[in-house]
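Each remark here refers to the structure printed beneath this line.
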Amino acid sequence: MRQIDPMDIAELKAELETLHSASFGWALSCCRRDRGEAEDVLQTVYLKILEGKARFRGEAAFKTWLFAVIRKTAAGEYRRKLLRSLKLITGAEQTGDRASPEAGPGAAFEKSEIQIRFQRALKSLPARQREALHLVFYEDLSLREAADVMGISIGSARQHYERGKKRLRETLDTAEVAYGISWRRKENPNAV
């Protein structure tokens with residue numbers, strides 16, 4: 001097992017600090033907008049990295065590798081949480097219900113109606129489509145990098161991305177009709 005010298009750890013910490021905001025945004029997305037769960041996942045990821053349990057080998061960009069670690073950790077935490085809740089149900093041990101993740105996302109700041117509708121439309125997408133859109137739009141990753149983070153082929157990532165855009169557009173078009181909002185640019189009838 002190769003020892004990490006202090007310079008490597010310092011560089012690693014600096015890189016993690018630089019990407020912290022984007023990493024938290026991705027963790028939030030992976031944790032269904034549950035802020036507390038995202039914080040726990042990100043802390044677990046940082047510990048894994050600093051303890052050497054997750055190692056960057058330079059096979060992809062650091063950000064791509066980090067996002068993959070976050071995604072896998074979040075998925076593992078979700079599975080553990082689900083198994084615990086199933087054990088509680090089968091064991092007939094009733095505990096108090098926890099607040100749902102939707103109970104307070106954005107309580108710190110007020111969102112406009114358009115932002116709320118957009119977030120609802122985004123949440124209505126299947127998880128893979130939502131992930132692909134998040135990685136490409138919010139994290140500025142290429143489709144290849146998004147595919148690496150998601151652990152799928154570039155073709156699958158492209159398909160999730162395109163289907164997600166189409167579904168999002170359809171959902172927002174429905175909202176446009178219902179609320180009288182225009183999500184599209186005005187078409188020029190004189191254009192040929």
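No lab work stands behind these numbers, since they all come straight from the coordinates. No experiment lies behind these values; they were computed from the predicted model shown. Here the Cβ is made from the backbone with ideal geometry for all residues, glycine too, and neighbour counts use every protein chain on show.
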Point to revise | Two-site FRET efficiency, residue 138 against residue 48, from Cβ-Cβ distance with R₀ of 25 Å, rounded to 0.05 | key: 0.60
Check your understanding: From the backbone phi of the stretch 10-17, what are the Karplus-calculated ³J(HN,Hα) couplings (6.51 cos²θ - 1.76 cosθ + 1.60, θ = phi - 60°) in whole Hz, Gly and Pro given as x?
Key -> 4, 5, 4, 4, 4, 5, 5, 5
Revision key, fill the gap. For the table 53/123; 48/72; 13/63; 48/123; 13/72; 13/123, the rows whose alpha-carbon distance is greater than 22 Å are 53/123; 48/123; 13/123
**Study point:** Contour minus Cα-Cα distance for residue 61 and residue 80 (0.36 nm per residue)
**Key:** 4.0 nm
Check your understanding: Which three semi-axes in whole Å describe the equivalent ellipsoid of the stretch 110-181, each the square root of 5 times a Cα gyration tensor eigenvalue, listed largest first?
Key -> 25, 13, 8
Check your understanding: By how many nm would the segment from residue 11 to residue 166 lengthen if fully extended, with 0.36 nm per residue of separation less the alpha-carbon distance?
Key -> 51.7 nm
